[in-house]
Amino acid sequence: MNPALVVLSGGQDSTTCLYWALNRFGAGQVEAITFDYGQRHRIELDCAARIAARAGVPHVVLPIDTFAALGGSALTDPGIAVQAGVDAQTQLPATFVPGRNLIFLTFAAAFAYPRGIHDLVTGVAQTDYSGYPDCRQTTLQVLEQAIRLGMEYEITIHTPLMFKSKAETVWMARDLGVLPALADSHTCYNGLQPPCGVCPACQLRAKGFAEAGIPDPLLERFREPAP
């Protein structure tokens with residue numbers, strides 16, 4: 001028996017990875033962890049809970065309030081607007097939360113350690129992402145090694161979407177039977193349902209579904225029925 005722990009944000013990519021893990025490791029061998037880090041789009045916490053319940057996997061939410069105290073990101077600081085483009089100095093989007101994936105995966109590994117879980121799954125991708133340096137394969141490879149050394153514990157970080165475009169992740173979701181669950185997912189950085197459709201996250205999601213030629217189940221959920 002080889003259980004796995006999925007970092008489940010409640011978004012499109014992590015939901016797809018949850019079902020990838022169920023397919024890879026088997027029913028009853030997957031757990032999910034979600035982090036409450038003071039994010040602007042807090043509705044994703046409820047979405048993660050619904051998705052985990054739909055998939056029939058144990059789910060825990062861990063609070064991490066330090067990011068909000070640090071500030072500096074549009075996702076954790078209400079004084080910074082969610083907008084397209086990058087900062088002139090850092091060349092990173094305003095939605096970048098410094099160290100977020102590094103800390104999430106370190107906490108996930110610490111959670112996995114006493115439970116005998118050696119496989120972590122995350123939905124990061126460097127092919128079609130928002131410019132975040134902690135989504136790159138090299139970053140995750142070095143982090144995996146650091147965790148192994150620092151905990152003297154074998155941890156493998158799986159990144160099923162690392163080199164997939166958003167369209168390819170949609171096709172993968174279709175093939176894994178994830179599309180119905182994506183109706184409960186959340187992507188909008190502004191935390192709106194129906195999604196705002198204009199923030200960078202909404203636009204990237206829309207681009208992926210459009211290129212894949214598949215209607216977004218989330219938008220279909222909110223579409224008004226024809227008279």
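The values are calculated or read from the model by the stated rules, or taken from the named source; none is laboratory data. Quantities reported herein were computed from a predicted structural model and do not represent experimental measurements. Note: ideal-geometry Cβ built from the backbone for every residue, glycine included; neighbour counts use all protein chains shown. What goes into the accessible areas is simple: the full protein's heavy atoms, side chains included, and nothing from ligands, DNA or RNA. Shrake-Rupley method; radii C 1.70, N 1.55, O 1.52, S 1.80 Å.
Structure notes:
- The stretch 164-227 - percent relative contact order, Cα under 8 Å, separation 6 or more: 41
- Residue order by solvent-accessible surface for T169, T106 is T106, T169, largest first, with ligands and nucleic acids left out and a 1.4 Å probe.
- When the GluC sites (Glu not before Pro) in the stretch 147-210 are filtered for DSSP coil states and for at most 12 other beta-carbon atoms within 10 Å of their beta-carbon, the remaining sites are E152, E154.
- Inter-label distance for A210 and E152, nm, one decimal - labels placed 7 Å from Cα along Cα-to-Cβ: 5.4
- Here each label is just a point 7 Å from Cα along the line to Cβ, and for E220 and L192 those points are 2.3 nm apart.
- A simple count of charges around H158, restricted to other residues whose Cβ falls under 11 Å of its Cβ and scoring Lys, Arg +1 and Asp, Glu -1, yields -1.
- Set of the stretch 1-45 residues, backbone N closer than 15 Å to the point 7 Å along the Cα-Cβ line of D65: 36-39
- Loop chymotrypsin sites (Phe, Trp or Tyr not before Pro), the stretch 133-172, which have at most 16 other Cβ atoms in a 10 Å radius of their Cβ (DSSP): Y153, F163
- Taking a ≥ b ≥ c as the square roots of the Cα gyration tensor eigenvalues, the stretch 182-227 comes out oblate, since a/c reaches at least 1.5 and a/b does not exceed b/c.
- S165 - accessible surface, heavy atoms, 1.4 Å probe, Å² rounded to 10: 30
- Using heavy atoms of the protein chains and a probe of 1.4 Å, the accessible area assigned to C202 is about 10 Å².
- 5 angstrom amide H check on Y37, placed H, neighbours 5+ away: I64
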